[in-house]
Amino acid sequence: MLFYTLLFSLLSPLARATVTCTTTEINGWQNPSFETGNVDDWTNLVATGAAADGSVVEGDGSSGSYYYSITGTGIYTYLSQDMAGLTEGQALMLSVDYRVFFTEDTSTTGDYCYIFFSTNSWDNLESAQTTVHPSAYESNPAWSTYTQTLTPTADTDEIYFTWGCSASYVELDLDNFQAVLGTTTSCTTVLPSSTPVTSSPASSSSIASSSSFLVTSSSVPSSPVTSSSAIPSTASSNLVPSSAAPSSASSSVSSSAVFPFTRSSSLAVLPSLPVSVASSAVSPASSAVASSSASVTTDAVFTTTSIVYVTEMATAYACPAPSAA
């Protein structure tokens, strides 16, 4: 029972373990929020092939501490990069956070900007351009999200985000490009702190009752024997108190005695064979105690469940010898 209790104590914390799983989207863009502080992984050009004058700014980005910003957008300009891991012919959802506003105080209300995604060329539109209107000068507009679906033509395509405004006094800010190619799930397991399991030392009585005795089948000398020769002195204290045991025995031990001990009208009948008491409450004695007058071999192992027989035997026959008539 103790074994099963300890086993349950060791395994039960596992049943109470907390498992937390997190699902993360796989983003096809590299450096999608410009957190490198520059336009690494991106190509930033105007439609004529010249370098664009946009830059990465540290500030109130929609994701992280940086964002891309460009002014003077009166000509089509784009950011692009090669994207791998695509599935040809399967729709791909793309998005970007943006904000656009006038950089001058103007009463113009008809200005606008076009924004769109495309594959393999800045002007390879799959659908109509999306029109957005700049916010007022110094209005500090909130970030908005633009979303569009494209169909890749191969497992790797160059993906463009292009914009162009009808006025040159407009600023466009971009951040948090997303292209979800799939998801990945990771889990962590947290085990509760364990309480060491200890067992109380067994009492002397429980040790005695669970000890094992070895009974041998070898012959026993016919001469009278004493209890001290049949039971080693180191183990006899576990069976018979020294004050109660007789100093010697004048009668021979019955050769037919069997375990457990029996009582006789003449004396306490001990087993006819040498007895060895195991010193451990767990493992039986590894060998029988050898007698000086007979070789001993082990034939059987008996386990006692009570020490009461020894106690009765010791007290019943520790009587003074009768006086002479």
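A few notes on this one:
- Residue list for the stretch 47-74, filter: over 16 Å from residue 33 (Cβ atoms), buried (at least 18 other Cβ atoms within 10 Å of the Cβ) and without any contact (Cβ under 8 Å) to a residue 40 or more places away in the chain: 52
- Residue within the stretch 48-59 that is in the same structural domain as residue 133 (by TED's automatic domain parsing) and either closer than 20 Å to residue 149 by Cα or among the acidic types (Asp, Glu) (or both) present: yes
- The single residue among 18, 73 that is at pLDDT below 95 and either closer than 30 Å to residue 166 by Cα or in the same structural domain as residue 166 (by TED's automatic domain parsing) (or both) turns out to be 73.
- Check on residue 77, at negative phi and crowded, with 20+ Cβ neighbours inside 10 Å: yes
- Any chance residue 138 is more than 19 Å from residue 43 (Cβ to Cβ), within 53 Å of the chain's Cα centre (by Cα), among the acidic types (Asp, Glu) and in the same structural domain as residue 79 (by TED's automatic domain parsing): no
- Subset of the stretch 23-43 (residues that are farther than 24 Å from residue 184 by Cα, surrounded by fewer than 17 Cβ atoms within 10 Å (Cβ to Cβ) and out of contact with any Asp or Glu (no Cβ under 9 Å at 6 or more places or on another chain)): 38, 40
- Residue in the stretch 113-133 that is over 20 Å from residue 78 (Cβ atoms) and either out of contact with any Gly (no Cβ under 8 Å at 6 or more places or on another chain) or surrounded by 12 or more Cβ atoms within 10 Å (Cβ to Cβ) (or both) present: yes
The values are calculated or read from the model by the stated rules, or taken from the named source; none is laboratory data. Given the structure is predicted, the values throughout are model-derived calculations rather than measurements. Cβ atoms come from the backbone with ideal geometry, glycine included; neighbour counts cover every protein chain shown.
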